[in-house]
Amino acid sequence: MNSASLKLIQLQNAWSNFKGGDFASLGILFETHYQELFYYGIKIVAMPELVKDTIQDLFADVWERRNTMVSVDNFKAYLIISLRNELVHRINRIRKESLSEAIATLQFSFSPEDFLISTEQNSEHSRLLSISMDGLTDRQREVILLRFFHELEFHEISQVLKMNIQSVRNLLFRALDKIRKDMSDQGITGVENVEMFLFAIFRKKN
Amino acid sequence: MRQWDQNIFEELISNTQFVSWAKGEDLSEAEHWNSWEKNHPLHINEFREAVRMVKNLRFGAIDIKTADIQYLWAKTSERIQLGKPSSRFRQFILQLTKVAALLLLPVMLVSAWLLYSQYNLTQKYSNLIQDKHEQKVTVVAPIGARILVDLPDGSKAWLNSGSEITYPIIFNTSERRVNLTGEAYFKIQKSETPFYVNSLGPEIKVYGTEFNVNSYVDEEMVTIALADGKISMDVNGNEEFLLPGQVAFFDKKRSSATTINSEVNVYSGWREGKYIFMDTSLSSILRILQRQHNVKIQLLNPELGNYRYKVSINNESLEQILNLLSISAPIKYNYKHRALKPDGTFETDNIEISADKTRIIKTK
């Protein structure tokens, strides 16, 4: 048994104990999801304290509703949807009260530091990637985050973004096309592409 | 160059196990995907592109330490178990609401109180006014006295002796109305609201003027003399106007009015104690003297009452006047001074007038 499936089993145990009224199990769910939720939250609105408070309230709400929670499979999607709605709601309220439009939400902007650098990449790569991401729409950036970071399924993403599954797919793959194009224009190619290039030359010579 | 198969690329990206493996999170899948790559040489391009895409899009989430998350959970669980659903943000809003409520409370109380007292005051005032419309005042000028009455609207009424006037403490807005017995000289404040005088004679309607009304019970006539302005009388349902300088005599028995042009001073001089009699019967003069001086005058020979006098009295004493009357006609008088009654009070003085047989009666 590998560590990933062990984690999954632990999570499922925690879930069923939580459903049975075990408060400590809610703590396990909290600690499991906190990092992801916080990251998603500050991408919605760059106000860490507000995001922290909202996540705490979210789990208080989850505890109260433990009897109506259906399945662990949807739990992360549920948390993300709830967090997103609540944050947007609170931001609108703050805007109204302070009569200020200054607080920007749902921009999902990324800087080079947001991307992990693997051994074969360098910081220039991250910079170009963030520039390419800047050329996308807010929703395209969000769908990328939901798919690659949170690893939500398309049907879950469709609930978060309130659009149908086909539209979600189109949104994602159009964004990926653009990134692919941007990165190859910038000459970011892997070994595979060099091979392809040589192959192409070879074929032409033939 | 081989055709790019978008479907293969999309299929891989849509596979969550693939994404997990390509990110390097789930090593258990490594074998599966390595063999996939080997078994699909035609799609090696799409496969490698998908792997690269996933590797590119690895988000380096802010690394929150496990200890920090545990601390946050401790705080969250504390909040849940204390049943405090309030975040700092909500607490702030709650606090703000409390402060607002606290600030608003006295304002509301004060305004409620003001509104109530305002309403109360208005209510009380209108009740008061209503009462005052109904409450009447009667002012009496006793025999031998003259009184100046200030009416609620600023009008004035000089009451001659033995007269009384009744009026509301506050006139209502639709009309001003007084009741008069006896004689009064009115000086009415100009106003849109009509002023009515009810007496034994016709109802008098006034708009702002000066006039005299003589309406004693023991006089046959009600005399209305207009000094200035305009008044009208309701004579048997007809509105009859009086012009300045005109005097109306209303016969109470016949209920009919006659109007003449005359000197109004003759009718209003009493205010200064001035009486001007132009061709007036002795009995009329004696009635006035009785009222003015609070005496009883008896005509021992009733036919003497028909003597007519042309005389002017100006604040003279009663005996002076009686002398004057005796000189100009063959009459004499016997002044019986008042007697002390057993209860300690005095009777009114009694005067007897009789014919003076020693003097020749001049025929006119």
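Among residues that are within 49 Å of the chain's Cα centre (by Cα), open to solvent by less than 50 Å² (accessible area, probe 1.4 Å) and free of Cβ contacts under 8 Å to residues at least 60 places away in the same chain, B:Ser262 is included. Inside the range B:177-264, counting only strands (runs of 3 or more DSSP E) that do not spill past its ends, which hold 2 or more residues that are aromatic (Phe, Trp, Tyr) and within 28 Å of B:Ala145 (Cα to Cα)? By residue number, B:195-198, B:246-251.
Would you check which residues across the range B:164-206 are free of Cβ contacts under 8 Å to residues at least 40 places away in the same chain, under 20 Å from B:Ile288 (Cβ atoms) and open to solvent by 40 Å² or more (accessible area, probe 1.4 Å) and list them? B:Glu164, B:Thr181, listed by residue number. Going by what's in this entry, would A:Glu113 be described as open to solvent by 60 Å² or more (accessible area, probe 1.4 Å) and either touching a helix residue (DSSP H, G or I) at 6+ places or on another chain (Cβ under 9 Å) or within 12 Å of chain B (Cβ to nearest Cβ) (or both)? Here the answer is yes, as A:Glu113 does meet what is asked. Could you tell me whether the range A:101-110 includes any residue that is within 18 Å of A:Ile157 (Cα to Cα) and more than 17 Å from the chain's Cα centre (by Cα)? Within the range A:101-110, none of the residues are within 18 Å of A:Ile157 (Cα to Cα) and more than 17 Å from the chain's Cα centre (by Cα). In this structure, is A:Val70 touching a Gly at 6+ places or on another chain (Cβ under 9 Å) and more than 8 Å from every other protein chain (Cβ to nearest Cβ)? No. Among the residues of the range B:16-35, the ones that are part of a loop (DSSP other than H, G, I, E, B) and either more than 10 Å from every other protein chain (Cβ to nearest Cβ) or in contact (Cβ under 8 Å) with a residue 40 or more places away in the chain (or both) come to 0 in all. Reported count of residues in the range A:124-160, each being at the interface with chain B (Cβ under 10 Å from one of its Cβ atoms), touching a residue at least 24 places away in the same chain (Cβ under 8 Å) and under 9 Å from the mean Cα position of the chain (by Cα), is 6.
Tell me the strands (runs of 3 or more DSSP E) entirely within the range B:292-364 that contain at least 2 residues that are closer than 27 Å to B:Trp270 by Cα and open to solvent by 90 Å² or more (accessible area, probe 1.4 Å). It comes to B:295-299, B:308-314, B:331-336.
Tell me yes or no: at least one residue of the range A:95-109 is more than 23 Å from A:Val62 (Cβ to Cβ), within 11 Å of chain B (Cβ to nearest Cβ), open to solvent by less than 10 Å² (accessible area, probe 1.4 Å) and in a helix (DSSP H, G or I). No; the residues of the range A:95-109 include none that is more than 23 Å from A:Val62 (Cβ to Cβ), within 11 Å of chain B (Cβ to nearest Cβ), open to solvent by less than 10 Å² (accessible area, probe 1.4 Å) and in a helix (DSSP H, G or I).
A Cβ distance below 8 Å, combined with a sequence gap of six or more or placement on separate chains, defines the contacts here; from the range B:107-136, residues that are aliphatic (A, V, I, L, M) reach residues that are open to solvent by less than 90 Å² (accessible area, probe 1.4 Å) in the pairs B:Ile129/B:Ile170.
The values are calculated or read from the model by the stated rules, or taken from the named source; none is laboratory data. It should be emphasised that the depicted structure is a prediction, and the values quoted were computed from it without experimental measurement. Every residue, glycine among them, receives a Cβ derived from its backbone with ideal geometry; neighbour counts consider all protein chains shown. Accessible surface is based on the protein model in full, side chains and every heavy atom, while ligands, DNA and RNA are left aside. Shrake-Rupley method; radii C 1.70, N 1.55, O 1.52, S 1.80 Å.
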